[in-house]
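A quick write-up on the structure given underneath.
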Amino acid sequence: MKIDLHVHTKTGSDGNLPVEEVIEEATRRGIGLLSITDHDSIEAQNSARELATKAGIAYITGVELNVTFEYGGKPVSLDFLGYRFDPGYHKLINKLRALRARREERAREILQRLNAEFDREGIPHLTEEDFKKIQESVDSSFGRPHIADYLIRKGIVRDRQEAFERYLVKCDVPKYPLALSEASMLIRNAGGVLIFAHPADPAGTSLAPVTGDLNEQTAIIERHMLAYIDGIECWHPSYTEKATAHYAEFARRHGLMMTGGSDCHQKPVILGTVPVPEFVADYFLTKRS
């Protein structure tokens, strides 16, 4: 069975395709077990489950939550995947609404900082009209990628990489602070499980900026996270074979679930390209999804 438990959509966050087209692509690629895991959004869940079921794909509810983890006296941004939860759980819905409202406030603050940078470079300010145009491009969770895409449209940068390197890293504003303990409680109380997403991703939201040493990474998890998580994402496109083997062994030693996926944002379409072992399906298909 081909498995992909880490996929994003335009419907819910920063994917390039709406949920309908993601399911169509998953069908073409022969995926048998799928989860849409949009950032801080469950907007696509009901549609995804209905469409996947019609296509003969086993579907697991999913979401990717950004967590502010305090380590060494400093905030560290990390991602965690929630699976098999009830998408109608009101406390989870309310929290995600609060996160979305903060995203819009954050976007406005980022634009203010961008304008300060533009002043120094002689570039015209982004106006309220520009902000509205960015909003129009957002189907769900408002984030920096949407601002980056607008800077490309305006001809200020060539691509997203330049947008982030020149402006969006230095002009960043903190996200809504969601603690790991709260994320765990929300997902577990909704009947789900919480998985640490791509902890070794060298270029992503992970423990890599704290330490590149895999043993040190898992020591941090051992000391600070085991009470709050149910598993580890062990297969991810950013991983080396060494990282996958290290995290799989760590998960086995601690009795944790092991998951994996492509983290596909359809830029390009890499849906189903990460070889997730079939035994991962056993965690989900024998229980309510």
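The values are calculated or read from the model by the stated rules, or taken from the named source; none is laboratory data. This structure is a prediction, so every number in the text was calculated from the model and none was measured. Cβ atoms come from the backbone with ideal geometry, glycine included; neighbour counts cover every protein chain shown.
Couple of notes before you dig in:
- Test for Ala197: is it modelled with pLDDT of 95 or more and touching a strand residue (DSSP E or B) at 6+ places or on another chain (Cβ under 6 Å): yes
- Exactly one residue among Val67, Val76 is under 21 Å from Leu207 (Cα atoms), aliphatic (A, V, I, L, M), crowded, with 20+ Cβ neighbours inside 10 Å and under 18 Å from the mean Cα position of the chain (by Cα), and that residue is Val67.
- The requirement of being free of Cβ contacts under 8 Å to residues at least 40 places away in the same chain, out of contact with any helix residue (DSSP H, G or I) (no Cβ under 8 Å at 6 or more places or on another chain) and part of a loop (DSSP other than H, G, I, E, B) is fulfilled somewhere in region 125-138, by at least one residue.
- Sole residue being within 19 Å of Ser181 (Cα to Cα) and modelled with pLDDT under 95, chosen from Phe131, Phe80, Phe85, Phe69: Phe69
- Some residue of region 48-56 being free of Cβ contacts under 8 Å to residues at least 40 places away in the same chain, within 18 Å of Phe284 (Cβ to Cβ) and part of a loop (DSSP other than H, G, I, E, B): yes
- Identity of the residue in region 248-285, polar (S, T, N, Q) and part of a loop (DSSP other than H, G, I, E, B), that ends up surrounded by the most Cβ atoms within 10 Å (Cβ to Cβ): Ser262
- Exactly one residue out of Gly212, Gly204, Gly191 is out of contact with any Leu (no Cβ under 6 Å at 6 or more places or on another chain), at positive phi and of a type outside the set (Ser, Thr, Tyr): that is Gly191.
- Applying a threshold of 9 Å to beta carbon distances and a minimum spacing of six or more residues, or different chains, the list of pairs starting in region 95-106 at a residue that is surrounded by fewer than 18 Cβ atoms within 10 Å (Cβ to Cβ) and ending at one that is assigned to a helix (DSSP H, G or I) reads Glu104/Gln135.
- Check on Gly212, loosely packed, with under 15 Cβ neighbours inside 10 Å and either at pLDDT below 95 or more than 16 Å from the chain's Cα centre (by Cα) (or both): yes
- Hits in region 143-168 - residues which are among the β-branched types (Val, Ile, Thr) and more than 18 Å from the chain's Cα centre (by Cα): Ile152, Ile156, Val157
- Residue within region 220-242 that is buried (at least 21 other Cβ atoms within 10 Å of the Cβ), over 20 Å from the mean Cα position of the chain (by Cα) and modelled with pLDDT of 95 or more present: no
- Inside region 21-42, residues that are in a loop (DSSP other than H, G, I, E, B), touching a residue at least 60 places away in the same chain (Cβ under 8 Å) and surrounded by 21 or more Cβ atoms within 10 Å (Cβ to Cβ) make up a count of 4.
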